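Working notes, beginning with the structure itself.
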């Protein structure tokens, strides 16, 4: 290869790689997919929990760190956890990291019984994970509502999603005192 | 004393160099872009331990390997711009060099991802392979890998010799299938190319570009051109034992803008020859209504086309080739032709504008039966005032030389035949191993690479 071709190749390749790298690191911090962002200065202060793997935009924020994030989402926190027996309110479980992405669920409790489970986030690393998640989530929700606990069988073929789902659920139930 | 012809040549050569350098840079940038797709996806952040590092390496090797295969398709698409700048044979030499690295990258892609996933799952490689195989579009992906292995293995020189050209070519066409069946798993299982991403748009664009180039330049343009010119065989004339000139007629053949020294890929529509396209040089510059090819029956296919009847329909792909006057860079011209290699040499000289004393031509044959078309070279208008030498006789046994026994005995060298060699463009055409020896001597005499022009008759 001639020297000029080599120099040109190195220069343009380096430029392409830099752009890719920049986009990669930017995507990690600047995407604020939460539509109902309460604070205005949200995008400037880089809060550590908002690290999101931006892609497709199919799922909301993905906490890349397994740090417990029972922070307020949409303002409906576990405020009403008053009485010991008849706990009521919405409780957000910890975000559980898996190979295929983070899983986090929110549980709605009324008078000490589980009335709903919402998946805030499911394994979504690739299309395959997304389809597995979409299949597993309704099954898990039904099982949990029926059993009224996190002690249910996982969905076969969705072991990662199931385990993470139930472990996030358990942490939410712990908050609710159930 | 800056000669205007010389100046134009230099400018053209510089322009070609720039274009060639840009093409090389484009290829490497596409490799960088494949890595950048992964970087832009945030791939670096997924790496945290050995397992995820292997997985990441697996993704990157897959992207780069596929990119190289698409580059190979583009190189094989016979795009006129590439042919004009570097020549299709140089492009194909590069294509061949990319084959094995591309396969190794794709194999590494499969192996690294399997091991990486197995480590993350805490399972073993066999279990992981089975579970991968059950993923969406993965059976197709493994099929693509199998096809790719078949294509590359049959193209390794030692193996390729065992196959006829047709069988090899048929297997080689499977590479299109291999690349296509690999696409679904890239789009569905790959996180980097997820739905709605810029990466996906770029990647599909690459596929469209590669397959589009093949569809246009290897199928659409040749079909249209063949229909437009309506080429038929006018007659077949034997010019020497086993050597025939095929005279063709057609409409507006001058509009093909064939440069002397070029070739085209011809298909003769008879029952026994239609399935095989032959690259054959023009032995004369086409006129508006006629063209002439000269061919030696080297293989069974060439033997069959020497028997085609007048009126046979002929389709054309081309013209191609950089063995033309337009690619000259030096003020003088040195030409060596042997055997059937005379064909492009004759039309190149016919098409050249030469001043007296500018060219020296050496015609080489092992016996007088190989002196066909030689007298035509002598009567070319451009050859007036230019020297033509002939060298007849077999090469000595056990000595690597391109000259005859007699010439060697008289102390002839490339330097004595072409006293002004270093100031010349050297055009060489003849059997491969013979031509290589001419080039060896020219290089040894100090002739720069860009002054060496060689037309190879090999597949």
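The values are calculated or read from the model by the stated rules, or taken from the named source; none is laboratory data. Here the structure is a predicted model, which is why all the values come from computation and not from measurement. Methodologically, a virtual Cβ is constructed for each residue, glycine included, from the backbone with ideal geometry; neighbour enumeration extends over all protein chains shown.
Candidates are the residues of segment B:23-48 that are within 21 Å of the chain's Cα centre (by Cα) and within 7 Å of chain A (Cβ to nearest Cβ); the one that is farthest from residue A:24 (Cα to Cα) is B:24. Consider segment B:179-200 and keep the residues that are touching a residue at least 60 places away in the same chain (Cβ under 8 Å) and away from chain A (no Cβ under 14 Å). The one that is surrounded by the fewest Cβ atoms within 10 Å (Cβ to Cβ) is B:179. When segment B:102-121 is filtered for residues that are within 12 Å of chain A (Cβ to nearest Cβ), over 17 Å from residue B:148 (Cβ atoms) and either under 17 Å from the mean Cα position of the chain (by Cα) or surrounded by 16 or more Cβ atoms within 10 Å (Cβ to Cβ) (or both), the ones remaining, listed by number, are B:116, B:117, B:118, B:119, B:120. Surrounded by 19 or more Cβ atoms within 10 Å (Cβ to Cβ) and within 14 Å of residue A:169 (Cα to Cα) - does that describe any residue in segment A:125-136? No - not one qualifying residue is present in segment A:125-136.
Among the numbered conditions (1) part of a loop (DSSP other than H, G, I, E, B); (2) out of contact with any helix residue (DSSP H, G or I) (no Cβ under 7 Å at 6 or more places or on another chain); (3) over 30 Å from residue B:161 (Cα atoms), the only one that residue B:286 does not meet is (2).
Name the residue, out of B:218, B:200, that is on the phi < 0 side of the Ramachandran plot and either at pLDDT 95 or above or under 21 Å from the mean Cα position of the chain (by Cα) (or both).
It is B:218.
Could you tell me which of the residues B:425, B:420 is touching a residue at least 40 places away in the same chain (Cβ under 8 Å), closer than 12 Å to residue B:334 by Cβ and in contact with a helix residue (DSSP H, G or I) (Cβ under 8 Å, 6 or more places away or on another chain)?
B:425 is the lone residue from the list that is touching a residue at least 40 places away in the same chain (Cβ under 8 Å), closer than 12 Å to residue B:334 by Cβ and in contact with a helix residue (DSSP H, G or I) (Cβ under 8 Å, 6 or more places away or on another chain).
Just one of B:376, B:455 is buried (at least 19 other Cβ atoms within 10 Å of the Cβ) and under 30 Å from residue B:245 (Cα atoms); which is it? B:455 is the lone residue from the list that is buried (at least 19 other Cβ atoms within 10 Å of the Cβ) and under 30 Å from residue B:245 (Cα atoms). Within the option set B:285, B:329, B:336, B:295, being crowded, with 21+ Cβ neighbours inside 10 Å and more than 20 Å from the chain's Cα centre (by Cα) holds for one residue only, B:336. Apart from one condition, residue A:133 fits all of (1) in contact with a helix residue (DSSP H, G or I) (Cβ under 7 Å, 6 or more places away or on another chain); (2) at pLDDT below 65; the exception is (2). Taking segment A:140-174 as the range and being surrounded by fewer than 18 Cβ atoms within 10 Å (Cβ to Cβ) and over 17 Å from residue B:121 (Cα atoms) as the test, the residues that pass are A:142, A:145, A:146, A:147, A:148, A:149, A:151, A:153, A:167, A:174. For segment B:351-388, the tally of residues that are on the phi > 0 side of the Ramachandran plot and in contact (Cβ under 8 Å) with a residue 40 or more places away in the chain stands at 1. Taking residue B:208, is it under 30 Å from residue B:175 (Cβ atoms) and without any contact (Cβ under 8 Å) to a residue 60 or more places away in the chain? So residue B:208 passes the test. Here residue B:350 meets each of (1) under 23 Å from the mean Cα position of the chain (by Cα); (2) more than 18 Å from residue B:236 (Cα to Cα); (3) assigned to a helix (DSSP H, G or I) with one exception, condition (1).
Residue B:367 meets the stated requirement of being out of contact with any strand residue (DSSP E or B) (no Cβ under 6 Å at 6 or more places or on another chain) and over 26 Å from residue B:88 (Cα atoms).
Of all the listed residues (B:65, B:99, B:51), the sole one being within 14 Å of chain A (Cβ to nearest Cβ) and touching a helix residue (DSSP H, G or I) at 6+ places or on another chain (Cβ under 6 Å) is B:51.
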